[in-house]
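Please read the structure below before turning to the comments.
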Amino acid sequence: MDMHQSSVDLTSEAKSEISPLPEAVLPPTDTATAWLVVLASFLNLMLSIGVTTTYGVFLQYYKLEEFPDASTSFLSWIGTLQTASMCFFGIGAGVLCEHIDTRLLSLCGALISGL
């Protein structure tokens, strides 16, 4: 027997009984809702990661205006703790995303960030 031949020969009657698999129904692309999700994701990442990575701008303001007597190394702990807390709480947020609606979780995060 050839390696490429099937060990079971299907008769024409059996072949007609086999129905083809249904084609997958894909959602439409380039809808307004899809682009709104892309925009919201962009703004979310811009605000969460962008503010963290531009801490040097805030460090200068803190040093000159808010805390002129504090050392720069002490003020750098603000940015360090900000980045560390983002990474630490991201673990818990990932677990919560699996159990709670992502939109509700994003709304709660936005409200907490706004405080």
Quick one: is Glu23 out of contact with any Phe, Trp or Tyr (no Cβ under 7 Å at 6 or more places or on another chain) and not in a helix (DSSP H, G or I)?
-> yes
Return yes when Thr33 is under 29 Å from Leu107 (Cα atoms) and open to solvent by less than 90 Å² (accessible area, probe 1.4 Å) and no when it is not.
-> no
Taking the range 51-65 as the region of interest, how many residues are open to solvent by less than 100 Å² (accessible area, probe 1.4 Å) and within 16 Å of Ser85 (Cβ to Cβ)?
-> 4
Which one of Leu75, Leu111, Leu43 is modelled with pLDDT of 85 or more and open to solvent by 90 Å² or more (accessible area, probe 1.4 Å)?
-> Leu111
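The values are calculated or read from the model by the stated rules, or taken from the named source; none is laboratory data. Everything numeric in this text was worked out from a predicted model, so none of it was measured. Glycine also receives a Cβ, built like all others from the backbone with ideal geometry; neighbour counts cover every protein chain displayed. Just so you know, the surface numbers come from the protein's heavy atoms only, side chains and all, with ligands and any DNA or RNA stripped out. Shrake-Rupley method; radii C 1.70, N 1.55, O 1.52, S 1.80 Å.
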